[in-house]
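The values are calculated or read from the model by the stated rules, or taken from the named source; none is laboratory data. Only a predicted model underlies this, so the values are computations on that prediction, with no experimental measurement involved. A quick note on method: Cβ atoms are made from the backbone with ideal geometry, for glycine too, and the neighbour counts reach across all protein chains shown. Note: accessible area is taken over every heavy atom of the protein model, side chains too, but ligands, DNA and RNA are not part of it. Shrake-Rupley method; radii C 1.70, N 1.55, O 1.52, S 1.80 Å.
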Number of protein chains: 2
Amino acid sequence: MFRSKIKHCRECGAAVEHRLPGDGDTKVRAICPQCGTIHYENPLNVVGTVPFWGADGAQVLLCKRNIEPRFGKWTLPAGFMELGESTLEGAVRETQEEAGADIEILDLFTVLNVVRVGQVHFYYRARLLSDTFKPGHETQEARLFREEEIPWEELAFRTVKETLEYYFEDRRQGRFCVHTGDIV
Amino acid sequence: MFRSKIKHCRECGAAVEHRLPGDGDTKVRAICPQCGTIHYENPLNVVGTVPFWGADGAQVLLCKRNIEPRFGKWTLPAGFMELGESTLEGAVRETQEEAGADIEILDLFTVLNVVRVGQVHFYYRARLLSDTFKPGHETQEARLFREEEIPWEELAFRTVKETLEYYFEDRRQGRFCVHTGDIV
């Protein structure tokens, strides 16, 4: 499994058992034999943007990662959605944090499942309001790329690659729509 | 806060501290003073369907809840997304579990944030392959409703109400598209 198993109860600290809860649930859960708490683990959302520049949207902003995983690889600005924010607010926050970029969100663009790691990735199309960036500590460099300049072999994540492919394809078609799918 | 605070470390059971991790993260996390584990809590995804019947899609399937919360209220089939499945697979599973309905998924229809409870709700449009249902233990009754029969005041969740409103509106327009938004 890609996440470490829960070993102790979050409520009382006792060692948990991994078994069916017996309430009709068909999944094995981490259950506390002391206080009865059932611990659920669920997929995480990653939220980000496709920040584009220029009236024709010919350039997109990528960030060179300064952290693991995929240190030194290029990514669209994105990160884990937090409690207290919407998918859109999270996407704006990550774009600000990772690229120091001011944007105006247009619409949801891709929703891509990465079942293997228990994640759903959301990318919003976003108009850049300036071409000056102030990347944070998670980013070595933030810069604009035309389609022919995209470092396709140096992209950090499959969802970034697919989202960029959809973006430039839709741009050629002259219309953008929501794309959904699974990374397998 | 709508979820109980983490009190003990999932790795070693020690009582956690709630503080900034000191790694650049700007959110307070539950941190184990004994083994150093940082515990993150993130939004949950709820996945479901708008199951419709007939070539004209005039009827939709609703389930009368047999569990809390909202016992006795009507809902579209939906539930928490699990690890090991995609949003689409989760939506199919919940429709099978709650309504015992066989469906063919058409496309993603709504993505609605419910920030107050830390959830994102996904509904897929789905064609019913039969009008015979075998609801599970979470459902008292599963039946088809025409628009004018929908029990609007007896719906279990705001995301269900909004999704049904979008469905019948799009049906009148003769075209379905993805709707996104926030429940505030």
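Would you mind telling me which numbered condition in (1) more than 30 Å from A:ALA14 (Cβ to Cβ); (2) open to solvent by less than 10 Å² (accessible area, probe 1.4 Å); (3) touching a residue at least 24 places away in the same chain (Cβ under 8 Å) B:ASN45 fails?
Result: B:ASN45 fails condition (1) only.
Of the residues B:GLY136, B:GLY181, B:GLY174, B:GLY118, which single one is without any contact (Cβ under 8 Å) to a residue 40 or more places away in the chain and within 11 Å of chain A (Cβ to nearest Cβ)? If you could, list the steps in order and put the result at the bottom.
Working: B:GLY181 fails: without any contact (Cβ under 8 Å) to a residue 40 or more places away in the chain; B:GLY174 fails: within 11 Å of chain A (Cβ to nearest Cβ); B:GLY118 fails: without any contact (Cβ under 8 Å) to a residue 40 or more places away in the chain.
Matching residue, one of B:GLY136, B:GLY181, B:GLY174, B:GLY118: B:GLY136.
Out of B:THR163, B:THR159, report the one residue that is within 14 Å of chain A (Cβ to nearest Cβ) and either in contact (Cβ under 8 Å) with a residue 60 or more places away in the chain or closer than 30 Å to B:ASN42 by Cβ (or both).
B:THR159
Name the residues in segment B:121-142 that are open to solvent by 80 Å² or more (accessible area, probe 1.4 Å) and in contact with a Leu (Cβ under 7 Å, 6 or more places away or on another chain), would you?
Passing the criteria: B:ARG127, B:ASP131.
The conditions are (1) under 23 Å from B:GLU89 (Cβ atoms); (2) hydroxyl-bearing (Ser, Thr, Tyr); (3) surrounded by fewer than 16 Cβ atoms within 10 Å (Cβ to Cβ), and B:THR75 fails exactly one of them. Which is it?
Exception for B:THR75: condition (3).
How about segment A:1-26: which of its residues are open to solvent by 70 Å² or more (accessible area, probe 1.4 Å) and within 7 Å of chain B (Cβ to nearest Cβ)? Please lay out each step first, then the result.
Within segment A:1-26, the subset open to solvent by 70 Å² or more (accessible area, probe 1.4 Å) is A:1-2, A:5, A:7, A:17-20, A:22-23, A:26.
Passing the criteria: only A:LYS7.
Could we say that A:GLU94 is acidic (Asp, Glu) and either more than 9 Å from chain B (Cβ to nearest Cβ) or touching a helix residue (DSSP H, G or I) at 6+ places or on another chain (Cβ under 7 Å) (or both) here?
Against the criterion (acidic (Asp, Glu) and either more than 9 Å from chain B (Cβ to nearest Cβ) or touching a helix residue (DSSP H, G or I) at 6+ places or on another chain (Cβ under 7 Å) (or both)), A:GLU94 qualifies.
Do we find a residue being of a type in the set (Gly, Ala, Ser), out of contact with any strand residue (DSSP E or B) (no Cβ under 8 Å at 6 or more places or on another chain) and at pLDDT below 95 anywhere in segment A:131-139?
Step one: list which residues in segment A:131-139 are of a type in the set (Gly, Ala, Ser), which gives A:136.
Imposing the further condition that a residue be out of contact with any strand residue (DSSP E or B) (no Cβ under 8 Å at 6 or more places or on another chain) reduces the set to A:136.
Then drop every residue that is not at pLDDT below 95, which leaves A:136.
Within segment A:131-139, one or more residues are of a type in the set (Gly, Ala, Ser), out of contact with any strand residue (DSSP E or B) (no Cβ under 8 Å at 6 or more places or on another chain) and at pLDDT below 95.
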